[in-house]
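The values are calculated or read from the model by the stated rules, or taken from the named source; none is laboratory data. All of these numbers come straight from a predicted model, not from anything done at the bench. So basically every Cβ, Gly included, is an ideal-geometry build from the backbone, and we count neighbours across all protein chains shown.
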Amino acid sequence: MRLTRSALFAAALAIGSLCLCGCAGQSATPQKPPPPPDVGVVAVIQKDVPIYSDWVATMDGFVNANIQPQVSGYLIRQVYREGSFVHKDDVLFEIDPRPFQAVLDQAKGQLAQARGQLAQAQAQLGLSQINVKRDTPLAAARAIAQSQLDNDIQGQAQADAQVKTAAAGIRARPT
């Protein structure tokens, strides 16, 4: 069966009018506003309230301690037992003393060498003082050149500086 254009137009017009009538009927009914919400009222009271906080963390006991070495070396033995009580100044480990003894011996050798340099500088200062004492009256009598006395005085000042330098080198070294 074949529908004509006019029949299709009439069917569309009928459907459209039904839709409009249905929509008009709903909008014509007034809607009531919703009732106001219930609100609770509380009297204000001043009082101390504890503050709570939630934290995410890992706890470690206060009796646990990290052992950090102050020097490096090979361990010969461990003196304490795991889990035992230790007190201040307790020996926990014994370290191989040979490297430390070698460093100590080297420092003692350097100290002895510095003391020898001090003794040599003091001897040089003594010789310079003797030369200045001897050459002062000779330069005054014009038996030697004044430049000889000037060289002796300069040598004495240099020897005095060497003594002070050697003494400072000894004080700088730990005993």
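Computed values, structure above
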item: Failed item in (1) at pLDDT 90 or above; (2) surrounded by 12 or more Cβ atoms within 10 Å (Cβ to Cβ); (3) under 37 Å from the mean Cα position of the chain (by Cα), with Tyr80 passing the rest; result: (1)
item: Residues satisfying the stated conditions in the stretch 111-144, i.e. among the basic types (Lys, Arg) and in a helix (DSSP H, G or I); result: Arg115, Lys133, Arg134
item: Leu138 vs. criteria farther than 30 Å from Arg77 by Cα, aliphatic (A, V, I, L, M), surrounded by 15 or more Cβ atoms within 10 Å (Cβ to Cβ) and out of contact with any Pro (no Cβ under 9 Å at 6 or more places or on another chain); result: no
item: Scope the stretch 145-175; condition outside any helix (DSSP H, G or I) and over 50 Å from the mean Cα position of the chain (by Cα); matching residues; result: Ala145
item: Cross-chain or 6+ apart pairs with Cβ under 8 Å, the stretch 127-147 first and closer than 25 Å to Gln162 by Cβ, then β-branched (Val, Ile, Thr) and not in a helix (DSSP H, G or I); result: Asp135/Ile144
item: Criterion: basic (Lys, Arg), assigned to a loop (DSSP other than H, G, I, E, B) and at pLDDT 85 or above - qualifying residue of Lys32, Lys108; result: Lys32
